[in-house]
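Structure first, commentary second.
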Amino acid sequence: MSEFLTDTIQFMPVLLRGLGITIVLTLCALATSIALGICWAIMGMSRNAALRGISLAIIHTVRGIPIIVQLFCVYFVLPDLGIDLPPFLAGVIGLGLAYSVYQAENFRGGFGAVDRQLVEAGLSVGMSDGMAFRRIVLPLGLRAALPSFGNTTVMLLKDSSIASTITIAELTRAGQLLAISTFKNGTVYVLIALLYLAASLPLAAFVRTLERRLARR
Amino acid sequence: MIRLDGVTKRFGDKVILRGIDFTVPQGQVACLIGPSGSGKSTVLRAINGLERHDGGVIEVGGLPVTDANLSAIRRKVAMVFQRFNLLPHRTVLENVIEGPVHVLREPRDAAEAHAMTLLARVGLEDRASALPSELSGGQQQRVGIARALAMRPQAILFDEPTSALDPERVGEVLQVMRSLAESGMTMIVVTHEIAFAREVGDRAIFMADGVVVEDGPAREVLTAPRAPRTQQFLDRVLNPL
């Protein structure tokens with residue numbers, strides 16, 4: 001037990017640095033996935049059939065390919081096409097794109113849950129379709145999407161570990177390197193698991209608080 | 001003020017309106033009555049373009065209702081909905097100033113001052129900072145009327161404004177509507193409140209199966225209807241047993 005403690009004290013700085021990168025990676029990928037996801041959702045609700053088709057094609061394509069393969073595509077295949085991305089950026093783009101389709105489904109569900117009659121109330125005071133979307137559907141739809149959004153965000157945090165495969169020294173990768181060099185697999189992976197939990201539990205709690213606060217308004 | 005000439009509308013192969021003609025002059029309170037499915041609400045929604053009519057002409061203040069004119073039309077005629085349709089994430093005051101501030105681009109403080117006088121007019125000035133969910137149905141509908149008035153409309157369309165209310169709450173809304181009528185507002189009211197239509201309405205238009213069956217002074221149409229279909233409807237509504 002005392003060995004576990006001394007190992008923990010010794011490993012923690014490396015693992016915490018990894019956790020820091022995991023969190024930054026998650027937040028960047030999250031922002032990317034939200035921006036793209038709202039795009040796909042809005043395109044999917046468009047009156048323009050071509051835009052709807054593109055959105056559907058993107059969602060089904062991206063959803064049908066494992067995330068690890070998508071990361072490899074961004075990191076290993078794009079350079080062949082002349083696009084050479086640093087690992088972190090490749091991770092943000094790969095995870096952000098992979099998760100954008102789940103976010104799109106979250107937002108689509110949320111926007112769809114907004115009562116059409118509220119939109120009519122906006123139109124009846126002279127709002128354009130765009131203004132009614134911005135002032136009514138967007139705020140109420142995002143609120144309705146929040147529970148599934150929180151779920152997706154926690155999944156993204158965990159799946160950011162896949163970025164370890166493209167040399168990003170996030171928590172999982174940092175741990176793997178430690179385990180390989182020290183042979184202390186047990187200690188290292190228990191610590192990694194605890195650190196992921198330590199990050200995801202507060203995240204889930206934060207989303208729940210947000211939900212409650214918005215529900216009151 | 002509002003003129004309909006041969007207005008037709010179909011949903012798929014179901015014909016809803018088979019040629020509706022009537023003209024509501026400024027200051028008139030016209031009540032649209034008739035059985036469910038007769039097309040009353042569709043007429044109302046076609047006037048402010050929430051439904052596009054297929055044939056005929058609708059004019060509001062001389063301006064034909066077309067896609068190009070929708071925004072101008074909707075600034076002239078406000079609408080009050082059966083289910084209030086207040087924005088649940090905004091306070092009473094914010095609901096009332098939404099159109100004036102964001103559509104009419106009124107300065108916020110002027111819009112708020114105007115909104116407060118309107119809320120006082122419907123008896124809700126002390127609930128300005130409440131959320132719709134904290135109000136009774138009757139109160140929410142009075143906010144709906146204040147929201148309509150905030151646009152300084154030339155006419156207001158009421159789509160069964162009391163049908164979703166507790167029976168006890170109907171009176172407070174009808175009273176606000178009566179005072180509006182007395183102030184000279186042009187109103188078209190789709191309603192099942194025969195007593196209101198008789199007392200407050202200048203005119204009653206009875207619709208069934210997509211046509212106007214009878215159209216005349218409210219007291220006459222509702223106390224001594226001429227058309228058999230109107231007589232049958234009123235008899236069933238007034239003597240349900």
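Results, tabulated for the structure shown:
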item	result
So residue A:78, is it under 18 Å from residue A:158 (Cβ atoms), surrounded by 15 or more Cβ atoms within 10 Å (Cβ to Cβ) and without any contact (Cβ under 8 Å) to a residue 40 or more places away in the chain	no
Pair list, Cβ under 7 Å, 6 or more apart: the stretch B:218-234 residue without any contact (Cβ under 8 Å) to a residue 40 or more places away in the chain, other residue among the β-branched types (Val, Ile, Thr) and outside any helix (DSSP H, G or I)	B:227/B:213; B:229/B:213; B:230/B:213
Candidate set from the stretch A:198-217 (those that are open to solvent by 80 Å² or more (accessible area, probe 1.4 Å) and over 18 Å from the mean Cα position of the chain (by Cα)); member that is modelled with the lowest pLDDT	A:217
Filtered residue count, the stretch A:179-197, keeping only those that are closer than 20 Å to residue A:169 by Cβ and either charged (D, E, K, R) or open to solvent by less than 60 Å² (accessible area, probe 1.4 Å) (or both)	10
Test set (1) in a helix (DSSP H, G or I); (2) surrounded by fewer than 23 Cβ atoms within 10 Å (Cβ to Cβ) - residue A:84 fails condition number	(1)
Qualifying position, being more than 14 Å from every other protein chain (Cβ to nearest Cβ), open to solvent by less than 50 Å² (accessible area, probe 1.4 Å) and assigned to a helix (DSSP H, G or I), among A:71, A:123	A:71
Every residue from the stretch A:195-217 that is away from every other protein chain (no Cβ under 14 Å) and either polar (S, T, N, Q) or in contact with a Pro (Cβ under 9 Å, 6 or more places away or on another chain) (or both)	A:200, A:207, A:208, A:209
Those residues of the stretch B:61-81 which are more than 7 Å from chain A (Cβ to nearest Cβ), open to solvent by 40 Å² or more (accessible area, probe 1.4 Å), touching a residue at least 12 places away in the same chain (Cβ under 8 Å) and assigned to a helix (DSSP H, G or I), in sequence order	B:67, B:76
Of residues in the stretch A:109-120 being part of a helix (DSSP H, G or I) and touching a helix residue (DSSP H, G or I) at 6+ places or on another chain (Cβ under 9 Å), the one nearest to residue B:71 (Cα to Cα)	A:120
Matching residues in the stretch B:91-112 - criterion: being within 11 Å of another protein chain (Cβ to nearest Cβ) and in contact (Cβ under 8 Å) with a residue 24 or more places away in the chain	B:91, B:95, B:96, B:97, B:98, B:99, B:100, B:103, B:104
Residue match in the stretch A:131-147 (condition: in a helix (DSSP H, G or I), farther than 30 Å from residue B:77 by Cα, open to solvent by less than 50 Å² (accessible area, probe 1.4 Å) and touching a residue at least 24 places away in the same chain (Cβ under 8 Å))	yes
Residue match in the stretch A:99-113 (condition: without any contact (Cβ under 8 Å) to a residue 12 or more places away in the chain, farther than 16 Å from residue A:43 by Cα and surrounded by fewer than 20 Cβ atoms within 10 Å (Cβ to Cβ))	no
Some residue of the stretch B:117-137 being in contact (Cβ under 8 Å) with a residue 12 or more places away in the chain, surrounded by fewer than 17 Cβ atoms within 10 Å (Cβ to Cβ), touching a Pro at 6+ places or on another chain (Cβ under 9 Å) and within 20 Å of residue A:118 (Cβ to Cβ)	yes
Residue in the stretch B:82-93 that is surrounded by fewer than 20 Cβ atoms within 10 Å (Cβ to Cβ), closer than 30 Å to residue B:215 by Cα and out of contact with any Asp or Glu (no Cβ under 8 Å at 6 or more places or on another chain) present	yes
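The values are calculated or read from the model by the stated rules, or taken from the named source; none is laboratory data. No experiment lies behind these values; they were computed from the predicted model shown. So basically every Cβ, Gly included, is an ideal-geometry build from the backbone, and we count neighbours across all protein chains shown. In case anyone asks, the SASA skips ligands and DNA or RNA and just uses the protein heavy atoms, side chains included. Shrake-Rupley method; radii C 1.70, N 1.55, O 1.52, S 1.80 Å.
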